[in-house]
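First up is the structure itself, then whatever we jot down about it.
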Amino acid sequence: MSTYRSPLLDLPDAVAIDPELDPHDVGVAWHYADPLGEQRRLSAGEGFVDLSQRGVLAVTGSERLSWLHSLISQHVENLEPGQARQGLVLSPHGHVEHHFWLVDDGATTWIITEGDRRADLLAFLDSMRFMLDVAVADVTQEWAVVWFPGRVDVADAVVVDTDRGSYALVARAKLNELAQTWGAPAGIWAFEALRIAAGEPRVGLETDHKTIAHEVGWIETAVHLNKGCYRGQETVARVHNLGKPPRRLVMLHLDGSTQAHLPQHGNEVMLNDKVIGFVGSATHHFELGPIALAVVKRAVDVDAVFQVNGVSASQEILVQP
C-alpha cells in the first residue's frame, strides 16, 4: 500500500481517499467538501486536480524516440516537441500491460503513468535498452502531475495537451506554492466522474489480464495501425483485420430511483441471471446521476438492460459490437 501523502491534503476541507475504496489514488484528495460543485467547475473549465500520485518517467538519449517507437503501440519515431500521444505496452499475446501519455520536449520524452505501475513499466523499458543511446529514469520524486480542464500555459512546466484537458508536470517541491495560483482545487471524485462520463477507460480498472486494445477503444486512440513491428502487434493486426474482440466497453446508466450503493470495481454485470461482464469504475455524476464503465461480452444485445448488484442498468455503446 502506498504511503504517499500530497501536501495539498493540507488545503482547507480536503478529504483524503479511503484506500479501501480506491487503492489506485491513495495520497491525494477525494474531494474538498463539494464534490458535485467541483465537477461543475471543472466542466466549466475552472480549477485543477492534484494527480501527484501518478508516476513520471523520463527517457533521454539521442535514440529515445526510435527506441520507444519499436516497443510501444504508438507511432512516435518522428514526434515533434510538444506533441502528446497515448501509448500502450502489450504482452507478447497482445494483452494490455501499460497505458500512458507521453510528450517530447526535444531533449526528453516524458511519460505519465499510473503510480502503482510505474516500477513495472520502468523495469520493462530498462530491460530493453541494450546498447542504444537511451536512459530511463523514474523522476516521480521530482515531478508532480496536475490536471487542468483546458489548455494551459504553466511556467516551468512540461504540458501534455489532450482532447479533454491538460496534464502539467511541475516541480514537486513547488506544488503547494504553485497551487495557490491555480484557483479552486477539485478532488479525484470530480476528475473520475468526468473521465467516466467521457467514456475513457483506465488501466487496472476497465482492464484485466485478458484485455486487448480493441475492447476498450484504445485501438483508435493509443494504437497506430500502420507502423513497424512491436510486441503484441500480431494480435492487434489479426483482430483488426480478421476477427472481432470478445468484449466491449459500455457506459452503464444505473437506476437512480433506488438508494443502492454504487457498484465497486469488479462487481458482476448480469443479464438473465448470467454473468456477462464486470464493472470497472462507478461514480455519481452531477448531471448524469449514477454511472459506471463496464466491460461486457461483445455479443450481448445493445438494447439489453443489465443488473448490477440487483440494480437495473441500461447501456450506452462506447465500443461498437
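The values are calculated or read from the model by the stated rules, or taken from the named source; none is laboratory data. The structure presented is a predicted model; accordingly, all values stated were derived computationally and were not measured. Virtual Cβ from ideal backbone geometry, glycine too; neighbours counted across all protein chains shown.
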Selection from segment 9-23 of residues assigned to a helix (DSSP H, G or I) and within 26 Å of R151 (Cα to Cα) yields L9
For segment 184-199, the count of residues that are among the small types (G, A, S), touching a strand residue (DSSP E or B) at 6+ places or on another chain (Cβ under 7 Å) and either farther than 24 Å from P23 by Cα or outside any helix (DSSP H, G or I) (or both) equals 3
Of the residues in segment 139-167, those that are touching a residue at least 12 places away in the same chain (Cβ under 8 Å), of a type in the set (D, E, K, R) and within 17 Å of R85 (Cβ to Cβ) come to R151, D161, R164
Among the residues in segment 7-20, are any closer than 23 Å to R164 by Cβ and over 20 Å from the mean Cα position of the chain (by Cα)? yes
If you go through G280, G310, the only one that is outside the structural domain of S43 (by TED's automatic domain parsing) and at positive phi is G310
Restricted to segment 264-282 and to residues being under 16 Å from L254 (Cβ atoms) and among the polar types (S, T, N, Q), the residue surrounded by the fewest Cβ atoms within 10 Å (Cβ to Cβ) is Q264
Within segment 37-66, the count of residues that are in a helix (DSSP H, G or I) and touching a strand residue (DSSP E or B) at 6+ places or on another chain (Cβ under 8 Å) comes to 6
Practice task
Return yes or no: is S2 touching a residue at least 60 places away in the same chain (Cβ under 8 Å), out of contact with any strand residue (DSSP E or B) (no Cβ under 8 Å at 6 or more places or on another chain), polar (S, T, N, Q) and outside the structural domain of R151 (by TED's automatic domain parsing)?
Solution key: yes
Practice problem: Could you tell me whether L42 is closer than 30 Å to Q180 by Cα, surrounded by 20 or more Cβ atoms within 10 Å (Cβ to Cβ) and in contact with a Pro (Cβ under 9 Å, 6 or more places away or on another chain)? | Solution: yes
Checked segment 141-156 for anything in contact with a Phe, Trp or Tyr (Cβ under 9 Å, 6 or more places away or on another chain) and surrounded by 21 or more Cβ atoms within 10 Å (Cβ to Cβ); matches are W143, V145, V146, W147, F148, P149
Among V170, V136, the single one that is under 22 Å from T60 (Cβ atoms), part of a strand (DSSP E or B) and without any contact (Cβ under 8 Å) to a residue 60 or more places away in the chain is V170
